[in-house]
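Please read the structure below before turning to the comments.
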Amino acid sequence: MTLYYGADYYPEQETPEQIRQDAETMAQAGFNAVRVGEFAWCKFEPSDGVFDWAWFDQALATLDAKGVHALVCTPTACPPIWMVEAHPEIAYVDNCGVARPFGARRHYCPNNATYIKYCVRVAAEMGKRYGRDPRVLGFHIDNELAQEATGRCQCAGCKKQFHAWLEKKYGTIAKLNEIYGTIFWGQTYTRFDQINLPAKSIEPGGTDLIDCYFDNPTLRLDWERFCSDGWVAFYEAQVRAIKPHTDKPVTTNTTGVWTNGMDYYKAAPSMDVAAVDEYVGLRSETMPGFGYAFMRGLKPGKPFWIVETSSGGGLGVWAREGVYQPYPGALRQSALHAFASGAEMHLYFQFRMFRFGAEQLEASVMGIDGIPDRRFKEFQEVSATARAWTPFLSASRLKSNVAVCFDYDTLWSSKIKPFCKYFNYQ
Ligand SMILES: [Zn+2]
């Protein structure tokens, strides 16, 4: 067993000289892993079917020369402008009917056949090129699937597919009427295509139009299941594209129970390792345990990966009020807690503070001035401890004395029809 310790890194934003300097600093910190590529589609495939891997090859070589290996991501969280222009129908449509415009990220519908075709192609190209590359330690699909209020696309294509999904499940409209109890408030349908998509979203950050109290709760629950099935299928299409070219592990970054649009239990069989983004507080005497226990539950008996976590203080816009500097020792505490909880990989978001873009000035391992600060000593301490702990952790198994059941149907049901306003299943 190797313990991976490092950060998320964005070589597409840097010059070759800066990457050399960064690789050197990573080596001084004792880092041996980075996650790369998840937002760089416009650079991997600058026009339709034309791929450019040269800059990426060079970055991988520079990092590898300093003992840093890469978890390579498919870049499908950010369809490039040429694709959006040629195929405006791939856009994500929210519950107000607004198509998400190009200019941020996650602006796509996961059920759109054209988009899936492009995703499968870029994933297969990556698999062919890096599937046997010793500098690459694994693959990571997309970024935070269904996150940022993109879990429930309501485009015309999704509506049609939802009707087909219902017809496959119930066979006849009479059966659906019976199961849903649509006689209540005279909601009885005569055809599947009469069924509307719910206007009120339970998406974190989704726009609230009307209260879902008034919806048929069983129809709502089927809508959540349908949307989740779409995300699992979207993820698995890329896994299938990469797998023929590699024996390396393939996964994606789940977001614990924050994103409620995808049933991770259904995706877990096609994850070689469970992986999570878990941003822990660094000004506390306690550390959260549920997120890591949830990962252990996805792949029982196997270690899990943390592919994004808190790296410390920053001026960041992420918290919209700056990110406080961690208490001395808190970075060490959080990393060692993670390894002791069964993590095999621990990557900070992110290595170097962004100089531009939506996440400008966000907390990072290295500040904007690039000068190691007091946190740097802790990163060095953690990497030394992780190396020393590796034989012990490889030989040990974590035993749980208590089980907590977390179930998506219950989660969705409790959001659609809460028992009381104080109840939160999460
Ligand atoms: Zn859609």
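The values are calculated or read from the model by the stated rules, or taken from the named source; none is laboratory data. If you're wondering where the values come from, they're calculated on a predicted model, not measured in any experiment. Counting neighbours? That spans all protein chains shown, and the Cβs are built from the backbone with ideal geometry, glycine included. The area values use the complete protein model at the heavy-atom level, side chains included, leaving out ligands, DNA and RNA. Shrake-Rupley method; radii C 1.70, N 1.55, O 1.52, S 1.80 Å.
Do we have any residue at all in the stretch 47-70 that's surrounded by 15 or more Cβ atoms within 10 Å (Cβ to Cβ), in a helix (DSSP H, G or I) and within 19 Å of the chain's Cα centre (by Cα)?
Looking for residues that are surrounded by 15 or more Cβ atoms within 10 Å (Cβ to Cβ), in a helix (DSSP H, G or I) and within 19 Å of the chain's Cα centre (by Cα), one finds none in the stretch 47-70, hence no.
Please find, among ASN177, ASN143, the residue that is away from the ligand (no atom under 16 Å from the Cβ), assigned to a helix (DSSP H, G or I) and polar (S, T, N, Q).
Details: ASN143 fails: assigned to a helix (DSSP H, G or I).
Just one listed residue meets the conditions, ASN177.
Which members of the stretch 411-424 meet the condition of being in contact (Cβ under 8 Å) with a residue 12 or more places away in the chain and either open to solvent by 60 Å² or more (accessible area, probe 1.4 Å) or in contact with a strand residue (DSSP E or B) (Cβ under 9 Å, 6 or more places away or on another chain) (or both)? Before you say what the answer is, go through the steps one by one.
Going through the stretch 411-424, the residues in contact (Cβ under 8 Å) with a residue 12 or more places away in the chain turn out to be 411-413, 415-417.
If the condition is that a residue be in contact (Cβ under 8 Å) with a residue 12 or more places away in the chain and either open to solvent by 60 Å² or more (accessible area, probe 1.4 Å) or in contact with a strand residue (DSSP E or B) (Cβ under 9 Å, 6 or more places away or on another chain) (or both), then LYS415, LYS417 are the ones that fit.
Being part of a loop (DSSP other than H, G, I, E, B), at pLDDT 95 or above and either more than 16 Å from the ligand (Cβ to nearest atom) or of a type in the set (Val, Ile, Thr) (or both) is the requirement here; does CYS42 meet it?
no
Is it the case that THR25 is in contact with a helix residue (DSSP H, G or I) (Cβ under 8 Å, 6 or more places away or on another chain) and of a type in the set (Ser, Thr, Tyr)? So that I can check it myself, show each step before the final result.
Values: in contact with a helix residue (DSSP H, G or I) (Cβ under 8 Å, 6 or more places away or on another chain): no; of a type in the set (Ser, Thr, Tyr): yes.
In short, no.
Among (1) part of a loop (DSSP other than H, G, I, E, B); (2) within 30 Å of LYS266 (Cβ to Cβ), which single condition is ILE306 missing?
Unmet for ILE306, out of (1) part of a loop (DSSP other than H, G, I, E, B); (2) within 30 Å of LYS266 (Cβ to Cβ): (1).
Do any residues in the stretch 200-227 that are part of a helix (DSSP H, G or I) have Cβ atoms under 8 Å from those of residues that are at pLDDT below 70 and not aliphatic (A, V, I, L, M), where the two are at least six apart or on different chains, and which pairs are they?
Filtered contacts from the stretch 200-227: ARG220/CYS212.
Going through the stretch 85-97 one residue at a time, which ones are within 15 Å of the ligand (Cβ to nearest atom) and either part of a strand (DSSP E or B) or touching a residue at least 12 places away in the same chain (Cβ under 8 Å) (or both)?
Across the stretch 85-97, the qualifying residues are HIS87, GLU89, ILE90, ALA91, TYR92, VAL93, ASP94, ASN95, CYS96, GLY97.
Quick check on LYS175: is it of a type in the set (D, E, K, R), open to solvent by 80 Å² or more (accessible area, probe 1.4 Å) and either within 25 Å of the chain's Cα centre (by Cα) or under 26 Å from TYR92 (Cα atoms) (or both)?
Taking the combined requirement at face value, the residue does not satisfy it.
Yes or no: the stretch 98-108 includes at least one residue that is under 30 Å from SER383 (Cβ atoms), within 19 Å of the chain's Cα centre (by Cα), away from the ligand (no atom under 16 Å from the Cβ) and not hydroxyl-bearing (Ser, Thr, Tyr).
Scanning the stretch 98-108 turns up no residue that is under 30 Å from SER383 (Cβ atoms), within 19 Å of the chain's Cα centre (by Cα), away from the ligand (no atom under 16 Å from the Cβ) and not hydroxyl-bearing (Ser, Thr, Tyr).
In the stretch 381-402, what count of residues is obtained for those that are open to solvent by less than 80 Å² (accessible area, probe 1.4 Å) and without any contact (Cβ under 8 Å) to a residue 40 or more places away in the chain?
Result for the stretch 381-402: 2.
Looking at (1) within 27 Å of PRO80 (Cα to Cα); (2) touching a Lys or Arg at 6+ places or on another chain (Cβ under 8 Å); (3) charged (D, E, K, R), find the lone condition where GLU24 falls short.
(1)
Of these, ASN95, ASN143, ASN112, which one is in contact with a Cys (Cβ under 7 Å, 6 or more places away or on another chain) and either farther than 21 Å from GLY37 by Cα or crowded, with 16+ Cβ neighbours inside 10 Å (or both)?
Details: ASN95 fails: in contact with a Cys (Cβ under 7 Å, 6 or more places away or on another chain); ASN112 fails: in contact with a Cys (Cβ under 7 Å, 6 or more places away or on another chain).
ASN143 is the lone residue from the list that is in contact with a Cys (Cβ under 7 Å, 6 or more places away or on another chain) and either farther than 21 Å from GLY37 by Cα or crowded, with 16+ Cβ neighbours inside 10 Å (or both).
Has the stretch 150-161 got any residue that is surrounded by 15 or more Cβ atoms within 10 Å (Cβ to Cβ) and within 30 Å of GLY6 (Cβ to Cβ)? Spell out how you get there, then give the answer.
Here is the first cut: in the stretch 150-161, the ones surrounded by 15 or more Cβ atoms within 10 Å (Cβ to Cβ) are 150-155, 157-159, 161.
From what is left, the residues that are within 30 Å of GLY6 (Cβ to Cβ) are 150-151.
Yes, the stretch 150-161 has at least one match.
Go through the stretch 319-353 and report how many residues are surrounded by fewer than 16 Cβ atoms within 10 Å (Cβ to Cβ) and of a type outside the set (Ser, Thr, Tyr). Before the answer, list the steps.
From the stretch 319-353, those surrounded by fewer than 16 Cβ atoms within 10 Å (Cβ to Cβ) are 319-322, 324, 327-329, 340; that's our starting set.
Still in the list and also of a type outside the set (Ser, Thr, Tyr): 319-322, 328-329, 340.
Going through the stretch 319-353 one residue at a time, the tally reaches 7.
Assuming GLY301 fulfils every condition listed in (1) assigned to a helix (DSSP H, G or I); (2) in contact (Cβ under 8 Å) with a residue 40 or more places away in the chain apart from one, which condition is it?
(1)
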